[in-house]
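The next block holds one structure in the form of structure tokens; read it before the comments.
The values are calculated or read from the model by the stated rules, or taken from the named source; none is laboratory data. Remember, predicted model here, so these are calculated numbers, not experimental data. In this analysis, Cβ positions are derived from the backbone assuming ideal geometry, glycine residues included, and neighbour counts consider all displayed protein chains. Please note that ligands, DNA and RNA were not included when accessible areas were found on the heavy atoms of the full protein model with its side chains. Shrake-Rupley method; radii C 1.70, N 1.55, O 1.52, S 1.80 Å.
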Amino acid sequence: MNQFPTPSRRKFLQQLGYISVGFTLVGGCELKDHPPQASRVDFLGDLPRSLNQSNGVNAWLEILEDGRLRVFSGKVELGQGIRMAIRMVAAEELDMDLEKVEVHLAETGVTPNEGYTAGSGSIKNSAMAVRYAAATARSELLKLAAAKWKISEESLNLNNGTVTSTIDNQSIKIQEVLQGAQINTEVTTPVRIKAKKDHRYVGKAIPRKDIEKMVAGDTVYIQDLRFPGMVHARVVHPPNHQAKLLSVDHSQLAKVVPGVIKTVVNGSFLGIIAEREYQAVQAESHLRAHSRWNTTKVFPKAEALYNHIRSIADSPENIRDHGDVRASFSKSQTLKATFTKPYIKHASMGPGCAIAIYHQDMLHLWSNSQGVYPLRQAIAALLGMDEEKVHITSVPGAGCYGHSTPDDAAADAALLALEYPGKHVRIQWSRADENTCEPYGSAIIAELEASLDETGKIVAWKSDIWTDSHSTRPNKDPGTLLAARQLEDPMHMQSRGYRGGGHRNGDPYYSIPSLQLNAHFFDGPLRVSSLRSLGAYGNIFAIESFMDQLADQAGKDPLDFRIEHLEDQRAVAVIRKVREMTLSVTTGTGEGLGYAFSRYKNNDAYAAIAVKVAVDTRGAVSLIKMWAAVDHGEVINLDGIKNQTEGGMI
């Protein structure tokens, strides 16, 4: 990995805009047989939003001098396998071998700005942007070759980096077609894409290449990354996110701990830089023992948490309302249920880590942030620097889905790198730091109420959701970074972040004549942000548990009950499939089968699951087996879908 990345030729070409290309023919090789050309169809739908900001082919891919393809994506690898999926769609549209395609992910100034890798949007935004860019590139390459040879594009064959004439067998490599230039044509509809029936890769199960490195313990994660001459740092984090540093005595530190390079005190930000990692650990321990903090009690007793949440919540906001819920409740049999979800840690396998170097007026950062461009905004605002002077390279983290500590670690590294220029400064959080200071997934209360008519169908439903924010991810507001709030001149968050995620999937996907969803927002006692699916899994747990209670009250089979409340046949199909999968399953004493259904965000993938469990006389539950039927829409990498589905089930 380069210590000081330099601007690429690609970036230079982007600044020039469209390049008109000419070339001279080189002697073609004789081909006796032409690989059959896949059929193409016109895509006339909406282009992904990632193409709104970067709609030139050159923003998404470049042809290298040896004819290989380099693809660019602003998304990061979180274990979801986006690198392989993007590689597959690019190879598919350009009829190239997978081995000739490489994918470059998330680097400021190099890849497109695609914001955060979040919300399960990487395939439908980034991978589809690459698909349409690659398809446009194919059309342009054929158009250039046809113009030179003065023959029709229909007479040309593009296969694995070579354009061949089916008339006289003359051929040319695509890099020779371009002669060092790149394609910067705008991607517009209609786009000629490969017909699904002719797909060579897409829809198949292709294992990721990075798994072997992970198993072998190779350098994969940010926690593994090392640079020559790198120094090591630690930050003494406060005992809670509201504590302030009163005093610190570091006068004896250099005598007690060898290798200490610098101690940095800025308000409540207390950092140490040392030659070796263990020296930094020892220095942190010494400083923690010789510092005083004012601490305030911020968390109520566990048994009082939910009453506390209710007491601090704002007045309810109506999110969705149709029909007449109140009138329906007064005429029908009504059931009520309350469900709670506590604060939940991400507890990443690898605690927060980042590396930074300040060199020649440029700050370079390596981070497993889920959004390198938003992080750049926050870091620049924190340091009072021009964004163009901050360069961030994405490196995978041994972490999790959601906003945990990578961005905060990057801020720590940036602050300390400015204090010690010219050297790579590696910051590593401890497990205690991670679990104490990370932003948790918000606690939630879900109160549900529903009415059944005389036939046992739901006629009215009311959901009330109590929730804190579900995203305080970094952006142009530096207060989203923990270190910014600890400086002598603190920068606090300017808003309460994205609260809408709390009521995600709070309204059932089922067809109900009268339905109301209300959100009760609160500013809770703990630091919070995105945890995978935000409020959805808590709300789905509540809804599906309540659906079982309603089915029982109606005297109906729980799957039949769900199906009769669904109009979407794709939803019905996954439920019927999971029933089919479990028809022959038998249960013994103390055993049972449970079912659930959801459609993520009520507009994305469908899933139905079945779980066989055993419950002993003490009430302890043990898992025996699980089944799932899912409908993701078009399958890109079947291996990735299996991994994601099984991971979610676990």
Query raised in the report: Residues that are among the charged types (D, E, K, R) and over 29 Å from G229 (Cβ atoms): which helices (runs of 4 or more DSSP H) entirely in the range 272-354 hold 2 or more of them?
Result: 325-331
Report task. State the number of residues belonging to the range 227-255 that are open to solvent by 80 Å² or more (accessible area, probe 1.4 Å), more than 25 Å from P525 (Cα to Cα) and polar (S, T, N, Q). Result -> 1
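Yes/no per residue for (1) open to solvent by 60 Å² or more (accessible area, probe 1.4 Å); (2) modelled with pLDDT of 95 or more; (3) charged (D, E, K, R):
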site	(1), (2), (3)
E567	yes, yes, yes
V572	no, yes, no
I575	no, yes, no
T582	no, yes, no
A596	no, yes, no
A608	no, yes, no
T617	yes, no, no
N637	no, yes, no
E646	yes, no, yes
Requested in this report: Go through the range 579-594 and give me each residue that's part of a helix (DSSP H, G or I) and without any contact (Cβ under 8 Å) to a residue 12 or more places away in the chain.
Outcome: E580
**Report entry** Matching option when the condition is out of contact with any Ser or Thr (no Cβ under 7 Å at 6 or more places or on another chain) and open to solvent by less than 50 Å² (accessible area, probe 1.4 Å), among D168, D224, D210, D218
**Finding:** D210
Report task. Within the range 294-336, count every residue that is surrounded by 14 or more Cβ atoms within 10 Å (Cβ to Cβ) and touching a Lys or Arg at 6+ places or on another chain (Cβ under 8 Å). Result -> 2
Query - Conditions (1) assigned to a helix (DSSP H, G or I); (2) surrounded by fewer than 18 Cβ atoms within 10 Å (Cβ to Cβ); (3) among the polar types (S, T, N, Q); number of the one not met by N125 - result: (2)
Query raised in the report: For residues in the range 495-513 being under 24 Å from the mean Cα position of the chain (by Cα) and more than 20 Å from A607 (Cα to Cα), which is most open to solvent (accessible area, probe 1.4 Å)?
Result: Y498
Query raised in the report: Residue check, F597 against (1) touching a residue at least 24 places away in the same chain (Cβ under 8 Å); (2) over 26 Å from T455 (Cβ atoms); (3) in a strand (DSSP E or B), all met but one. Which one?
Result: (2)
Report summary line: Residue hits (the range 600-627; part of a loop (DSSP other than H, G, I, E, B) and closer than 25 Å to S533 by Cα) are N603, D604, A605
Report summary line: Across the range 170-179, the tally of residues that are part of a loop (DSSP other than H, G, I, E, B) and modelled with pLDDT of 90 or more stands at 1
Report summary line: Only one of A289, A347, A304 is free of Cβ contacts under 8 Å to residues at least 24 places away in the same chain, within 18 Å of P239 (Cα to Cα) and of a type outside the set (D, E), namely A289
